[in-house]
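Trainee: Take a look at the following structure, please.
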Amino acid sequence: MGVTHVLNAAHGTAYSHGGQDFYGATIDYYGVPAHDLPSFDISQFFFSAAQFIHNALNTPGGMKLSLPGRVQERSKMPHTRDSSSPTSGAGSRASYETPALSDLQRLFWFRGGSDNHVDQVWPNIYLGDAWAARSKTTLQSLNITHILNAADGPYSINTGAKYYKDLQIEYYGVEAFDDPSFDLSIFFYDAANFIGKALNTSGGKVFVHCAMGVSRSASLVLAFLMIHENMTLVDALKTVSAHRDICPNSGFLSQLRDLDIKLNEERKGTRASATKEL
């Protein structure tokens, strides 16, 4: 067939785990972690998928293969990358305004991260999927000391503290659903504080996961960076996306946007108070 590009509309689901590693360097891969449910908002991927197809067709000899079905998975070892902090200066922060939701979604159009089972997205913060959460060997090799499960519960990734009883791991579960209507924001501060506590522990390394490591868990990591590392939402998105391909659903992204507005107003208030004191 001479296929040069693959768009997988079931990326990371139980039916399809193929990724860039599966196809190798000769094929350009783009994965959309969509679910075939009436409630799933696939519209958030329309522009990025269209851009990928457009780029494929404009490539000399380009031919695209769209995969909705099952793809075999090749074994993949966990991979980490060096982390870097955002470079926003004080001046840019002073004039920062939270972008519209559509503008935030455009940040996911061009992905530069990976789709491994687990990736280090910030010093000592690892973001990943259910496979990594159940692989005690992987967790031990990474020296994980804390686990935040953003898909806790009997009908999801039901590991719990008992699953890790033979490991010296502190566990925190968030029973969240990857649905735009689910209010994940009620967990933002508790999850951020758990991650912060983990990082302040001597030798602390925290693994944050959900089913695929792209929406629920990614949203909680973004909230941590915004709350504890004083990042804007844009900085947080760019920081995490540089190391892992993430895609919070539209509802979670909207909730993170609300958090960004709140934190930005607090920062402006702090700066105004400091100016008055001078």
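The values are calculated or read from the model by the stated rules, or taken from the named source; none is laboratory data. Owing to the predicted nature of the structure, the values given are computational and were not obtained by experimental measurement. Positions of Cβ are backbone-derived with ideal geometry, glycine not excepted, and every protein chain shown enters the neighbour counts.
Trainee: Among Asn149, Asn193, Asn200, which is the only one that is in contact with a Gly (Cβ under 6 Å, 6 or more places away or on another chain), within 26 Å of Leu237 (Cβ to Cβ) and assigned by TED's automatic domain parsing to the domain that holds Phe252? Can you show your working first?
Mentor: Values: Asn193 fails: in contact with a Gly (Cβ under 6 Å, 6 or more places away or on another chain); Asn200 fails: in contact with a Gly (Cβ under 6 Å, 6 or more places away or on another chain).
One residue alone meets the criteria, Asn149.
Trainee: Would you confirm whether any residue within the stretch 122-133 is closer than 29 Å to Phe22 by Cα and among the acidic types (Asp, Glu)?
Mentor: Residues of the stretch 122-133 closer than 29 Å to Phe22 by Cα: 122-133.
If we keep only those that are among the acidic types (Asp, Glu) too, we end up with 129.
There is at least one residue in the stretch 122-133 that is closer than 29 Å to Phe22 by Cα and among the acidic types (Asp, Glu).
Trainee: For residues that are under 12 Å from the mean Cα position of the chain (by Cα), under 21 Å from Gln44 (Cα atoms) and not charged (D, E, K, R), tally how many sit in the stretch 101-144.
Mentor: 3
Trainee: Separate question: Name, by its number, the condition in (1) loosely packed, with under 14 Cβ neighbours inside 10 Å; (2) in contact with a Ser or Thr (Cβ under 7 Å, 6 or more places away or on another chain); (3) at pLDDT 85 or above that does not hold for Gly112.
Mentor: Gly112 satisfies all of (1) loosely packed, with under 14 Cβ neighbours inside 10 Å; (2) in contact with a Ser or Thr (Cβ under 7 Å, 6 or more places away or on another chain); (3) at pLDDT 85 or above except (3).
Trainee: Hey, another quick one. Taking the stretch 41-61, which residues are part of a loop (DSSP other than H, G, I, E, B), of a type outside the set (S, T, N, Q) and in contact (Cβ under 8 Å) with a residue 40 or more places away in the chain?
Mentor: Of everything in the stretch 41-61, those that are part of a loop (DSSP other than H, G, I, E, B), of a type outside the set (S, T, N, Q) and in contact (Cβ under 8 Å) with a residue 40 or more places away in the chain turn out to be Asp41, Gly61.
Trainee: Still on this structure: Could you list all residues from the stretch 159-194 that are of a type in the set (Phe, Trp, Tyr) and touching a residue at least 40 places away in the same chain (Cβ under 8 Å)? Give the derivation first.
Mentor: Pass one, the stretch 159-194, residues of a type in the set (Phe, Trp, Tyr): 163-164, 171-172, 177, 182, 187-189, 194.
If the condition is that a residue be of a type in the set (Phe, Trp, Tyr) and touching a residue at least 40 places away in the same chain (Cβ under 8 Å), then Phe182, Phe188, Phe194 are the ones that fit.
Trainee: Something else now. Can you find even one residue in the stretch 166-179 that is hydroxyl-bearing (Ser, Thr, Tyr) and under 29 Å from Asn8 (Cα atoms)? Spell out how you get there, then give the answer.
Mentor: So in the stretch 166-179, the residues hydroxyl-bearing (Ser, Thr, Tyr) come out as 171-172.
Checking which are under 29 Å from Asn8 (Cα atoms) leaves us with none.
Checked against the condition, which is being hydroxyl-bearing (Ser, Thr, Tyr) and under 29 Å from Asn8 (Cα atoms), the stretch 166-179 yields no hits at all.
Residue by residue, here is whether (1) part of a helix (DSSP H, G or I); (2) touching a helix residue (DSSP H, G or I) at 6+ places or on another chain (Cβ under 6 Å); (3) within 12 Å of Ile125 (Cα to Cα); (4) touching a residue at least 40 places away in the same chain (Cβ under 8 Å) holds:
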site: Ala223; (1), (2), (3), (4): yes, yes, no, no
site: Ile227; (1), (2), (3), (4): yes, yes, no, no
site: Lys238; (1), (2), (3), (4): yes, no, no, yes
site: Cys247; (1), (2), (3), (4): no, no, no, yes
site: Phe252; (1), (2), (3), (4): yes, yes, no, yes
